[in-house]
Each structure stands twice: as structure tokens, then as C-alpha cells.
Amino acid sequence: MFNPFTNRKTMTKIKDKAEYEVLKDRIEELLVTVDNETPEYDKKLIELNLISNLVADYEEEYFPVKAPRLVDVIKLRMYEMNLTQLKLSELLGVSPSRISEYLSGKNEPTLKVAREISKKLNIDASIVLGV
């Protein structure tokens, strides 16, 4: 985009990976020079904010973060809560073999079990329901 006031081209989007890498390096350089005490209108802070937004937009487009799979979240929660498959089956009121099917991806939990997973393992309903 051409800026008529400065007769210069203004960057509105990162064009390629090389430019992305250069801007990431510049962010690292700027982070050393600014902190929470840096005035709002400091040139380096403004530059940091602008470049950070460009990099964030590029990463959203080319490196999107996918929603976690339910199986992975259940395994993580089992680890965090120190639960075995047997303990999890007791907590959710289903058989150990059913838990094994859920964890291997062979079977999906019923709506009733999905509610229990969400409540008892404190997993967001959107992850449990896959939305």
C-alpha cells in the first residue's frame, strides 16, 4: 500500500517466509530495548507493536493452531490427575474396556459420558463435543 503523505510504501502484510524471519528477529532486538516503563509513544515500542501485529497475522494464516483432539486432552488430564484407565473408568462410570476404546480412537463417548468427561475432568465442552 502506497502512503501518499510520505511517498513511501507501507507494509500491511508479510509477503513471504524470509520477510517473516527478518521481522521475528527484529522483534527480538526490540524486546531488549523496551519494557513496561517505556512511554506509549516511544518509536521502538510503536515499531514493536506494528511488527508484532504483522507477525501474528502471518502466523494465524500460515501456522494456525488446531483444536486439540479429545483423546489427547483426556490423556493429559489423566496424567495431571494421576489417573489410570481403571480409575478413570470408575470416575466416569464406564467399563475399563470402553475407556480403552476412547483412548485408542476406536469409539466415541456417548453424550452422557461426554458430559461426565467435561464435568469430572474439567475439559471444555467444545473440545469434548468437537466443535
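Values quoted throughout were computed directly from the atomic coordinates according to the rules given, and no laboratory measurement underlies them. Quick caveat: nothing in here was measured; it's all calculated off a predicted structure. With ideal geometry, Cβ positions are generated from the backbone for all residues, glycine too; neighbour counts draw on all protein chains shown.
Assorted remarks:
- Residue check, LEU83 aliphatic (A, V, I, L, M), assigned to a helix (DSSP H, G or I), on the phi < 0 side of the Ramachandran plot and more than 17 Å from the chain's Cα centre (by Cα): no
- Residues of region 88-109 satisfying the condition of being closer than 17 Å to ILE123 by Cα and either among the polar types (S, T, N, Q) or in a helix (DSSP H, G or I) (or both): LEU88, SER89, LEU91, LEU92, ILE99, TYR102, LEU103
- Take the conditions (1) assigned to a helix (DSSP H, G or I); (2) surrounded by fewer than 13 Cβ atoms within 10 Å (Cβ to Cβ); (3) not aliphatic (A, V, I, L, M); LYS66 misses just one of them, which is (1).
- Selection of region 37-63 for residues being in contact with a helix residue (DSSP H, G or I) (Cβ under 8 Å, 6 or more places away or on another chain), part of a helix (DSSP H, G or I) and of a type in the set (Val, Ile, Thr) yields ILE51, VAL55.
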